[in-house]
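All of the numbers you see were taken from the coordinates with simple rules; none came from a lab. Model, not experiment: these values are computed from the prediction. Glycine also receives a Cβ, built like all others from the backbone with ideal geometry; neighbour counts cover every protein chain displayed.
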Amino acid sequence: MQTSTVQIQQDPARYRVLTGDRPTGPLHLGHYFGTLQNRVCLQQLGVELFLVIADYQVLTDRDTADRPAERAEDLVLDYLAAGVDPERATIFTHSAVPALNQLLLPFLSLVSVAELQRNPTVKDEIAHSQQNSVSGLMFTYPVHQAADILFCKANLVPVGQDQLPHLETTRTIARRFNDRYATTVFPTPEALLSDAPLLLGTDGGKMSKSRGNAIALGADTDQTAQMIRGAKTDTERRISYDPEQRPEVSSLLLLGALCEGLQPQDVAEEIGDGGSATLKRRVTEAVNEYLRPIRARRAELAADRAHLRAVLRAGNERANAVADVTLAEVREVMGMR
Ligand code: ATP
Ligand code: MG
């Protein structure tokens, strides 16, 4: 299900956005072109933005969270550097909003174990997990996410492709809750995908913070060049855009094209017989040029950690107020008041 930007432009007040990230490391180009750029655009169109820093969800695939508070501040830093306006957005950490976690319980009752086990993203995340055994939290992750999205009654969720199965769970839960309690408390949120819903990392797999294959927004120009130089490609000299047959080359072309404001086919045409080395040089230059202002802003913002904490404090306060109202409503319709 896709909402078009034209629909949003016509009536931005009809939409509320919730999306977020796990504080597992610095944001990368996959985040930027997969969802972050869309978040900033939506905010500029006048849509209200909620950003969850999903700190409890770090524990889905590892035993402990590494410096969660510090990493949460780093996410705020990346958001602001990318252009999110903290005056108009609610940026909060999952763990600071207890009412949100209370929603998890009735939501868990609305999905079957078999449905949770079938989720293809959960399967992929299990394959890349840093744990020897799979915890219960891994399976309940999509339901957790439903609580994140529905506590503020968001109806639009800008995400990467890997999140579509999770969003489908949220939609199912919203519908089933409304049906079971004969209410209209929750909207059925829609995904908003970008032109780069699955940017590949340097190893040819999904670019991910936790897989050592990502180009961070905050990386310097030399680190960026080094990462792109080491990216997996193929041996065919002629560069062509063919995501099916040549996924790695095509993902690099897409990345370069997004940075240059061109179509990937046109970039491929221009490179022609230049081979992977020319492609990589061009993409490196395009990425470093594109990220220059974002990186400059990031360096400035990084000097004031107190500001990042203040943004989070304000966001947590607002998210708590919103979550308390929704929880009261839920308890009311469930007859628990
Ligand atoms: P981790 O490896 O710790 O899971 P991640 O890089 O997958 O980190 P998440 O915090 O899980 O990042 O994802 C945050 C958001 O960014 C989600 O909406 C996800 O779909 C999107 N996203 C992550 N990686 C990509 C990518 N490579 N291309 C497009 N979107 C992405
Ligand atoms: Mg992930």
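Numerical summary
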{"read-out": "Condition check for Gln245: out of contact with any helix residue (DSSP H, G or I) (no Cβ under 8 Å at 6 or more places or on another chain), of a type outside the set (A, V, I, L, M, F, W, C) and within 30 Å of Glu300 (Cα to Cα)", "value": "no"}
{"read-out": "Pairs where the first residue, in the range 190-207, is over 27 Å from Tyr15 (Cβ atoms) and the second is more than 7 Å from ligand 1 (Cβ to nearest atom) and of a type in the set (Lys, Arg), C-beta under 7 Å, 6+ apart", "value": "Thr202/Lys232; Asp203/Lys232; Gly204/Lys232"}
{"read-out": "Candidate set: the range 172-193, residues that are more than 16 Å from ligand 2 (Cβ to nearest atom) and surrounded by 21 or more Cβ atoms within 10 Å (Cβ to Cβ); chosen: the one farthest from Cys259 (Cα to Cα)", "value": "Phe177"}
{"read-out": "Output for the range 25-70, where each listed residue is among the hydroxyl-bearing types (Ser, Thr, Tyr), near ligand 1 (Cβ under 10 Å from one of its atoms) and touching a helix residue (DSSP H, G or I) at 6+ places or on another chain (Cβ under 8 Å)", "value": "Tyr32, Thr60"}
{"read-out": "Qualifying position, being of a type in the set (A, V, I, L, M), out of contact with any helix residue (DSSP H, G or I) (no Cβ under 7 Å at 6 or more places or on another chain), more than 30 Å from Glu329 (Cβ to Cβ) and more than 16 Å from ligand 2 (Cβ to nearest atom), among Leu254, Leu291, Leu301, Leu258", "value": "Leu291"}
{"read-out": "Entirely in the range 5-120, the strands (runs of 3 or more DSSP E) that have 1 or more residues that are touching a strand residue (DSSP E or B) at 6+ places or on another chain (Cβ under 7 Å) and more than 17 Å from Val311 (Cα to Cα)", "value": "16-21"}
{"read-out": "Whichever residue in the range 157-201 is more than 20 Å from Ser4 (Cα to Cα) and assigned to a loop (DSSP other than H, G, I, E, B) and, among such residues, is nearest to ligand 1 (Cβ to nearest atom)", "value": "Leu199"}
{"read-out": "Subset tally (residues that are in contact with a helix residue (DSSP H, G or I) (Cβ under 6 Å, 6 or more places away or on another chain) and not in a loop (DSSP other than H, G, I, E, B)) for the range 202-228", "value": "4"}
